[in-house]
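The values are calculated or read from the model by the stated rules, or taken from the named source; none is laboratory data. Predicted model only: the values in this text are computed from it and were never measured. Reconstructed Cβ throughout: ideal geometry from the backbone, glycine too, with neighbour counts over all protein chains shown.
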Amino acid sequence: MADSDKAHEPGRLSVASVATSGIRVLAVTGDIDHHTAQPLHQALDVTRLGSPPRVVIDMRQVTFMDSAGINLLIAARRATTQRHGWLRLAGVPDSVMRTLRIVELDTIIDCYPTLPDALRP
């Protein structure tokens with residue numbers, strides 16, 4: 001089975017990273033939980049994100065997120081803002097957005113309906 005096929009298996013997480021206009025875009029596919037979060041954790045390493053770190057996480061293909069994902073996003077937001085950067089979320093599915101709203105993470109991290117909206121200055 002090819003790696004691209006594995007990325008779409010239930011319980012798997014893949015992260016594709018591209019830079020555009022000085023912004024790091026992380027396209028995430030799959031579940032973000034305790035067992036799968038490591039690729040996203042590595043992709044959010046602020047020492048690799050530029051200075052200041054400006055990051056958009058494209059969440060259109062995220063199928064599930066638990067407290068591990070929430071904690072990861074909180075830590076990433078803290079790390080980016082400490083380096084005078086920012087973190088934004090784009091295209092958050094309704095099921096994941098409900099989780100973000102319950103813990104009020106949507107009041108801490110800017111959430112945009114689309115990737116182009118999140119990339120605007």
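Within region 42-54, being under 12 Å from Ala76 (Cβ atoms) and either part of a loop (DSSP other than H, G, I, E, B) or touching a helix residue (DSSP H, G or I) at 6+ places or on another chain (Cβ under 6 Å) (or both) holds for Leu44, Asp45, Val46, Leu49, Pro53.
Would it be correct to say that His35 is more than 19 Å from Pro116 (Cβ to Cβ) and modelled with pLDDT under 95?
yes
Within region 60-73, the set of residues being in contact with a helix residue (DSSP H, G or I) (Cβ under 7 Å, 6 or more places away or on another chain) and either assigned to a helix (DSSP H, G or I) or under 12 Å from Leu105 (Cβ atoms) (or both) comprises Met65, Ile70, Leu72, Leu73. Of all the listed residues (Leu105, Leu26, Leu73), the sole one being in contact with a strand residue (DSSP E or B) (Cβ under 7 Å, 6 or more places away or on another chain) and buried (at least 18 other Cβ atoms within 10 Å of the Cβ) is Leu26.
Looking across region 29-68, the residues that are within 27 Å of His84 (Cα to Cα) and of a type in the set (Asp, Glu) come down to Asp45, Asp58. Checking the condition surrounded by 12 or more Cβ atoms within 10 Å (Cβ to Cβ), at pLDDT 95 or above and β-branched (Val, Ile, Thr), which residue from Val55, Val18 passes? Unique residue meeting the criteria: Val55. Against the list (1) out of contact with any Leu (no Cβ under 8 Å at 6 or more places or on another chain); (2) surrounded by 14 or more Cβ atoms within 10 Å (Cβ to Cβ); (3) among the polar types (S, T, N, Q), the condition Thr80 fails is (1).
For region 83-102, a residue qualifies if it is surrounded by fewer than 14 Cβ atoms within 10 Å (Cβ to Cβ) and in contact (Cβ under 8 Å) with a residue 24 or more places away in the chain, and the qualifying residues are His84, Ser95. Among the residues examined, Asp106 does not qualify as within 15 Å of Asp33 (Cβ to Cβ) and charged (D, E, K, R). Could you please find all residues in region 100-121 being under 15 Å from the mean Cα position of the chain (by Cα) and part of a loop (DSSP other than H, G, I, E, B)? Ile108, Ile109, Pro113, Thr114 - these are the residues of region 100-121 that are under 15 Å from the mean Cα position of the chain (by Cα) and part of a loop (DSSP other than H, G, I, E, B).
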